[in-house]
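Participant: Starting off with a structure, shown below.
The values are calculated or read from the model by the stated rules, or taken from the named source; none is laboratory data. These figures come from a predicted structure and were not determined experimentally. Quick reminder, even Gly has a Cβ in these numbers, built from the backbone with ideal geometry, and neighbours come from all protein chains shown. Just so you know, the surface numbers come from the protein's heavy atoms only, side chains and all, with ligands and any DNA or RNA stripped out. Shrake-Rupley method; radii C 1.70, N 1.55, O 1.52, S 1.80 Å.
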Amino acid sequence: MTDSLYRNMVTSGDEADAPLRVRVEHRGDRAVVTLDEPRRLNVLSAPLVRQLRRALTDLDADPDVRSVVLTGTDPGFSAGGDLRMMDAAIDQLDAPEGAADIWRWIRREFGGIARLIAGSDTIFVAALNGAAAGVGLAWALTCDLVIASERAVVVPAFAKLGLIPEVGTSWALTRRLGYQGALAYYLRGQHIDAREAQRLGLVQEVVDHDRLLAAADDWCSRIAALPPHAVAMSKPLLRAAADADWSGALTLEEFAEPTCFTTAAFADSVRSMLS
């Protein structure tokens, strides 16, 4: 089997002696995952991407982890795609695999992480500590909640690079901003500060920079205080309802709600209110 750009990127990303670029800190029922290549603003190099995917896969499989905070080492959240990798891809466009190799990396690695975040029953909280661009921004917008430091900046770099909104960004932007708002965001290409991002609905909360992880932990505590089944069931329900018409959303709720009635948490809540 001949080498390809995709295989080479996977191999380089999986090298045993590659520096650790993703840190995972377990905190009981929650975990903090930190993109940790600050010298390059946590650019999405092959090692960082592969390490992140393995870390999130392990956390998703852990039944004791109910929430995951995704953040970056200061000064940035993520500068997005690695320009060195993009340059290597350009050089190999005339290879036998052509653009299909780039498609494999985008779908399996970038898209694989986005699908994991969206499809998991675990709640993901993006904590934007600085600039978020490209696929890094896409992953943040895929998370279930986005909170931001006052230093955070949303960077719409797609158009300037000659790219389209990618890895689910088109879905996220049109639902938050509408078609015209999303197109204006794309065409302007202007940096959006944290407060404006909150006004636009791109982030749910803005806090002082030194309180960012504490604020993220507060959200994790809210999750931990609720019955596990209720949060785990609400995430896929609300994601599906976002794309359903009213009747379809009502039907989803009708099928899901009876299951809640069978749980001890629901029974205890009802009886405590009646007592």
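Participant: Rg and Dmax in Å for the chain, alpha carbons only: what are they?
Facilitator: Considering the chain through its Cα atoms, Rg and Dmax are 19.9, 73 Å.
Participant: Please state, rounded to one decimal and in Å, the Kirkwood hydrodynamic radius that segment 167-211 gives when every pair of distinct Cα atoms enters the mean of 1/r.
Facilitator: The answer is 11.4 Å.
Participant: Using only Cα atoms, tell me the angle between helix 169-188 and the longest principal axis of the chain; keep it within 0 to 90° and round to the nearest 10.
Facilitator: That works out to roughly 40 degrees.
Participant: Measure off, as a whole percent, the carbon and sulfur share of the 1.4 Å-probe accessible area of segment 155-217, all protein chains present.
Facilitator: 53 percent
Participant: A further question follows. Give the Kirkwood hydrodynamic radius (Å, one decimal) of segment 20-177, defined as one over the mean of 1/r across all pairs of different Cα atoms.
Facilitator: The answer is 15.9 Å.
Participant: Then there's this: What ³J(HN,Hα) values, in whole Hz, does the Karplus curve 6.51 cos²θ - 1.76 cosθ + 1.60 give for segment 104-113 when θ = phi - 60°, with x put for Gly and Pro?
Facilitator: Using θ = phi - 60°, the values come out as 4, 5, 4, 6, 6, 9, 4, x, x, 5 Hz.
Participant: Continuing with the same structure: Using a Förster distance of 30 Å, how high is the FRET efficiency between ASP208 and THR174, based on the Cβ-Cβ distance and rounded to 0.05?
Facilitator: 0.45
Participant: Tally Lys/Arg at +1 and Asp/Glu at -1 over every other residue whose Cβ is under 13 Å from the Cβ of ARG107; what's the total?
Facilitator: Working: positive: ARG53, ARG104, ARG108, ARG115; negative: ASP101, GLU109, GLU166.
Neighbourhood net charge equals +1.
Participant: Per the Kirkwood definition applied to all pairs of different Cα atoms, how many angstroms is the hydrodynamic radius of segment 1-89?
Facilitator: Here the Kirkwood hydrodynamic radius works out to 14.0 Å.
Participant: Calculate for the chain the 222 nm mean residue ellipticity that helices alone would give, adding -39,500 (n - 2.57) per DSSP H run of length 4 or more and normalising by residue count, nearest 500 deg cm²/dmol. Mind dumping the intermediate values first?
Facilitator: Working: 12 runs with 139 residues, N = 275.
Value at 222 nm, helices only, nearest 500: -15500 deg cm²/dmol.
Participant: What's the magnitude of the charge dipole for segment 102-187 around its Cα centre, counting Lys and Arg as +1 and Asp and Glu as -1 at the beta-carbon? Answer in Debye, nearest 20. Numbers along the way, then the final one.
Facilitator: Working: 8 positive and 5 negative charges, 50 e Å.
I would put it at about 240 debye.
Participant: Note the angle between two axes, namely the Cα long axis of helix 246-261 and the longest principal axis of the Cα atoms of the chain, as a number of degrees from 0 to 90, rounded to the nearest 10.
Facilitator: Approximately 60 degrees, to the nearest 10.
Participant: When the dipole is taken about the Cα centre of the chain, and only Lys, Arg (+1) and Asp, Glu (-1) are charged at their Cβ, what size is it in debye, to the nearest 20?
Facilitator: 400 debye
Participant: Compute the angle between helix 228-241 and the longest alpha-carbon principal axis of the chain, please, reported from 0 to 90 degrees and rounded to the nearest 10.
Facilitator: For helix 228-241, the angle is close to 60 degrees.
Participant: Right, something else. Send over a whole-number figure in Å² for the accessible area per residue of segment 75-220, probe 1.4 Å.
Facilitator: 47 Å²
Participant: Of the listed peptides 100-109, 158-167, 72-81, what is their order by residue-averaged count of other C-beta atoms within 10 Å, with the highest listed first?
Facilitator: 72-81, 100-109, 158-167
Participant: Now, a different point. I want the local charge near ASP217. Using Cβ-Cβ distances under 14 Å, sum +1 for each Lys or Arg and -1 for each Asp or Glu among the other residues.
Facilitator: With Lys, Arg at +1 and Asp, Glu at -1, the net is 0.
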